[in-house]
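**Q** Got a structure for you, questions after.
We did not get these values from a lab; they are worked out from the coordinates using the rules stated. Since this is a predicted model, take the numbers as computed values, not measurements. Because the Cβ atoms are built from the backbone with ideal geometry, glycine has one as well, and the counts that use them run over all protein chains shown.
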Amino acid sequence: MSMIFGVPLAVLSGQLLIGIINGAFYALLSLGLAVIFGLLKIINFAHGAMYMLGAMVTVLMFNALGVSYWVALFMAPLLVGAFGVVIEYFLLRRIAGQDHIYSLLLTFGVALIIQGVLINWFGVSGLRYAMPDMFKGGINLGFMFMPYYRAWVIVAALLVCFGTWFVIEKTKLGAYLRAGTEDSQLMQGFGINVPLLISLTYGFGVALAAFAGVLAAPIYSVTPVMGSTTLIVVFAVVVIGGMGSIGGAIITGILMGVIEGLTKTFYPPASSAVIFLVMVLVLMFRPSGLFGKEA
Amino acid sequence: MDQSAKIADIHKSIVKEQAAQERKRLMLNAALLLLLLAAPFAIYPVFLMKILCFALFAVAFNLLFGFTGLLSFGHAAFLAAGGYTTGYLLSNYSGLSTELGIIAGTLAATFLGLGFALLSIRRQGIYFAMVTLALAQLVFFFFVQSEFTGGEDGMHGIPRGHLLGVIDLENNLSMYYFVLAVFIGCYLLVQRIVSSPYGQVLKAIKQNEPRAVSLGYNVDRYKVLAFVISAALAGLAGSMKSVVFQLASLNDAHWHMSGEVILMTLVGGMGTLLGPVIGATFVVNIEYHLSQGPLRDWVDPILGGVFVITVLAFRSGIVGEIQKFVRKNIG
């Protein structure tokens, strides 16, 4: 069996694959954060909770109503996105003119509520979600075994990331969004319904998190606390990449997943810390972030 | 009357008013002090010490958040660093007098704070919050994997020992007065810092950083110093907490704790001196009473609700709202 730096190729590529998948989740989540930040100028501390909600809703809809994975893939983001719109409309909007720190704290409080309520209902141990039948098994690539579902996660995450990038950079709606980022007052003057745009943006960003949650349901353990630790890692990813560009968020997310996977292969104890260490290095040598335009 | 006499007159009346205000504040503080001195005879001292430790933690946090405008989401790291260091030293070196253990814990948090500060001030606003949160998570992982912290189990049975080698701190009353003395000392220190010229610069940075820069202040140095002082006091709070409860656990290092201190400061009134103390009293009491009653499993969502309501309805916090009310109605 071929070895690379003393590690069997199959092990290395297996960890690399897991790294890319984790990276796909980081990319989806930081993309949602970046979209929300662009227009609302806030960091959504409830993002982890929304990711968790996406996964929980998938499991619960299956258990209660037998809703299939494919339906959940659309329904869960839709439901969570609608929930996000409600939160934006009834809570965030009321303090829109205040210091952005307050909206950040508000979303933190919302996250505490969501997570706390779900812990009470379901406990902290994981819920089970069966792998959809068509994804059972995998394919032997010669140097490694590729489970079908993992391949699907990568494809789906990349498609959604690319779709988001396309909508924001290439369509008229995206042009409105970008204009709103620059000067929302002026845009309001042109007759565009900015408050509606803000609600929808928050809903969309949150829906992206929920979509990641659905993807995660069959492979990670679904628990009410799954979002909070993930979110902190995603914050580090966002600091590393900067929220200036959509493409930057995607690339940084996947890159960090890969680095994490490699660390797990060569020096496992550091794998949970490595992204934070990269963040420290970036802060020391390139404080505005890899793709950041401003500090 | 000529111009200068008029000005002198106005000046005199301002001085008089200031003196009256100063007297009022002194009287308020004296009343509070009496209350705190008498409290352990009415209320269980360990509970009071818990409040004092968290009050100090919140006062420390408020120096950075309320007066300098920097939202750190990683202050749990300092609380834990102080607690673990003190706990480790007192557990492993019997005969070490307690205050030395506490000083060592405070120093550990101070240096950790310096590290955090130098990295995090390279970013502003919300990035600052995210960087401190991520750094604190790094520290959390370190504590989880380290041998000396006891990992998931934490440290138990930390001896309270003797203060200055003489006063037995196993006695709750002596322990209480020691904690009270440290708390009051730190409170006065923060009061002094805030009203000093240095504190004025911090407020200037909070209100308008670019202007402070253009006035020639080395803003980064001011921020780092404020961060380090805040971290040191937070570490001191953690050190004392570990001595009082004789345990140090991962709870103190968790992001949840960083959120709690934000809540205490916000509820009490950020940017006021007394606010964090009131806020800490409020939050510790809520947690205690809820954990005794039928709602004991709902502490977290209720705290989240308090967060949301405070942000939506009274952002100035309890003390801030009272100040506003007094200013409006009593003048």
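**Q** Considering every Cα-Cα pair within segment B:190-320, what fraction, in whole percent, is farther apart than 25 Å?
**A** 38 percent
**Q** Determine the distance separating the Cα centre of segment A:56-108 from the Cα centre of segment B:23-45; give it in Å without decimals.
**A** 47 Å
**Q** Same structure again: Counting only Cα, what are the radius of gyration and maximum Cα-Cα distance Dmax of segment B:12-158, in Å?
**A** Taking only Cα atoms of segment B:12-158, I get Rg and Dmax of 19.7, 64 Å.
**Q** Rounded to whole Hz and in sequence order, give me ³J(HN,Hα) for segment B:268-281 from the Karplus expression 6.51 cos²θ - 1.76 cosθ + 1.60, θ = phi - 60°, writing x for Gly and Pro.
**A** x, x, 6, x, 10, 6, 7, x, x, 5, 4, x, 5, 4
**Q** Which translational diffusion coefficient, to the nearest whole µm²/s, is obtained for segment B:45-253 from the Stokes-Einstein equation, given a Kirkwood hydrodynamic radius over C-alpha pairs, 25 °C and 0.890 mPa s?
**A** Answer from the Stokes-Einstein relation: 142 µm²/s.
**Q** Using 26 Å as the Cα-Cα cut-off, could you pick out the over-long pairs in B:Lys50/B:Lys206; B:Lys12/B:Lys328; B:Lys203/B:Lys324; B:Lys24/B:Lys203; A:Lys41/B:Lys241; B:Lys16/B:Lys223?
**A** B:Lys50/B:Lys206; A:Lys41/B:Lys241; B:Lys16/B:Lys223
**Q** Report the rotationally averaged projected area of segment A:235-295 based on its alpha-carbon convex hull, in square nanometres.
**A** 3.8 nm²
**Q** Rounded to whole Hz and in sequence order, give me ³J(HN,Hα) for segment A:152-157 from the Karplus expression 6.51 cos²θ - 1.76 cosθ + 1.60, θ = phi - 60°, writing x for Gly and Pro.
**A** 4, 4, 5, 4, 5, 4
**Q** Which value results when the Cα radius of gyration for segment A:3-285 is divided by 2.2 N^0.38 Å?
**A** 1.02
**Q** In percent, what relative contact order does segment A:3-285 have, based on Cα pairs under 8 Å that are 6 or more apart in sequence?
**A** 43 percent
**Q** Gap in Å between the Cα centre of segment A:166-215 and the Cα centre of segment B:260-284?
**A** The distance from the Cα centre of segment B:260-284 to that of segment A:166-215 comes to 36 Å.
**Q** Kindly give Rg over Rh for segment A:148-295, based on alpha-carbon atoms, with the Kirkwood expression for the hydrodynamic radius.
**A** Dividing the radius of gyration by the Kirkwood radius yields 1.01.
**Q** Just how large is the dipole of segment A:3-285 about the Cα centre, in debye to the nearest 20, putting +1 at every Lys and Arg Cβ and -1 at every Asp and Glu Cβ?
**A** Once rounded to the nearest 20, the dipole reads 220 debye.
**Q** May I pose another question? Note down the magnitude of the dipole of the protein assembly as shown about its Cα centre, charges +1 on Lys and Arg C-beta and -1 on Asp and Glu C-beta and zero elsewhere, to the nearest 20 debye.
**A** 1220 debye
**Q** Please list, in order along segment B:188-193, the HN-Hα scalar couplings obtained from phi with the Karplus expression 6.51 cos²θ - 1.76 cosθ + 1.60 (θ = phi - 60°), rounded to whole Hz, x for Gly and Pro.
**A** So the J values, rounded to whole Hz, are 5, 4, 5, 4, 5, 4.
**Q** Under the rule of -39500 (n - 2.57) per DSSP H run of 4 or more residues, summed and divided by the residues of the protein assembly as shown, what mean residue ellipticity at 222 nm is obtained, to the nearest 500 deg cm²/dmol?
**A** -25000 deg cm²/dmol
**Q** State the extension gain, in nm to one decimal, for the chain segment bounded by B:Ile14 and B:Ile309, taking 0.36 nm per residue of separation less the distance between their alpha-carbons.
**A** Taking B:Ile14 through B:Ile309 to full extension adds about 102.4 nm, to one decimal.
**Q** I want to check the label-to-label distance for B:Leu114 and B:Phe325. Put each point 7 Å from Cα in the C-beta direction and report it in nm to one decimal.
**A** 4.5 nm
**Q** Still on this structure, I have one more. Expressed as a whole percent, how much of the Cα-Cα distance distribution for segment B:27-77 exceeds 18 Å? Show your work: numbers first, answer last.
**A** Numbers: 619 of 1275 pairs.
Of all Cα-Cα pairs in segment B:27-77, 49 percent lie more than 18 Å apart.
**Q** In addition: Tell me, B:Cys186, B:Cys53, A:Cys161 in order of fewest to most beta-carbon neighbours within 10 Å? Present the calculation step by step, with values, prior to reporting the outcome.
**A** Values: B:Cys186 18, B:Cys53 27, A:Cys161 22.
So the residues, fewest neighbours to most, are B:Cys186, A:Cys161, B:Cys53.
**Q** Whole percent per 10 Å bin, from 0 to the bin with the longest distance: what is P(r) over all C-alpha pairs of segment B:111-230?
**A** Percent of Cα pairs in each bin: 11, 26, 28, 24, 10, 1.
**Q** Tell me the net charge near B:Tyr217. Cut-off is 14 Å between Cβ atoms, B:Tyr217 excluded, with +1 for each Lys or Arg and -1 for each Asp or Glu.
**A** With Lys, Arg at +1 and Asp, Glu at -1, the net is +3.
**Q** Taking N as the number of residues in segment B:31-116, what is its alpha-carbon radius of gyration divided by 2.2 N^0.38 Å?
**A** Against the compact-globule rule of thumb, the ratio is 1.29.
**Q** Okay, moving on. Apply the Kirkwood formula to segment A:69-167: the hydrodynamic radius equals the inverse of the mean of 1/r over all pairs of different alpha-carbon atoms; give it in Å with one decimal. Kindly include the intermediate steps, with their values, before the conclusion.
**A** Working: mean 1/r = 0.0574 Å⁻¹.
For segment A:69-167, inverting the mean 1/r across all distinct Cα pairs yields 17.4 Å.
**Q** Further question on the same structure: Tell me, B:Leu133, B:Leu119, B:Leu312, A:Leu173 in order of fewest to most beta-carbon neighbours within 10 Å?
**A** The order, fewest Cβ neighbours first, is A:Leu173, B:Leu312, B:Leu119, B:Leu133.
**Q** Sorted from largest down, what three extents in whole angstroms do the Cα atoms of segment A:1-102 have along their principal axes?
**A** Its Cα atoms span 62, 40, 15 Å along the three principal axes.
**Q** What is the Cα convex hull volume of segment B:257-331 when expressed per residue in Å³?
**A** Working: hull volume 7.0 nm³, N = 75.
In segment B:257-331, the Cα hull volume divided by residue count equals 94 Å³.
**Q** Computed FRET efficiency, Cβ-Cβ of A:Phe166 and A:Trp70, R0 25 Å: what is it to the nearest 0.05?
**A** 0.65
**Q** Sticking with this structure for a sec: How big is the protein assembly as shown along each principal axis, measuring the range of its Cα positions in Å and listing the largest first?
**A** Taking the Cα atoms of the protein assembly as shown, the three principal extents are 88, 68, 50 Å.
**Q** Can you give me the relative contact order of chain B as a percent, contacts being Cα pairs under 8 Å and 6 or more apart? Can you show the working numbers first?
**A** Numbers: 491 pairs, mean separation 98.2, N = 331.
Answer for chain B is 30 percent.
**Q** Rank these for me by crowding, B:His11, A:His47, going from fewest to most other beta carbons within 10 Å.
**A** Ranking B:His11, A:His47 by Cβ neighbours within 10 Å, fewest first, gives B:His11, A:His47.
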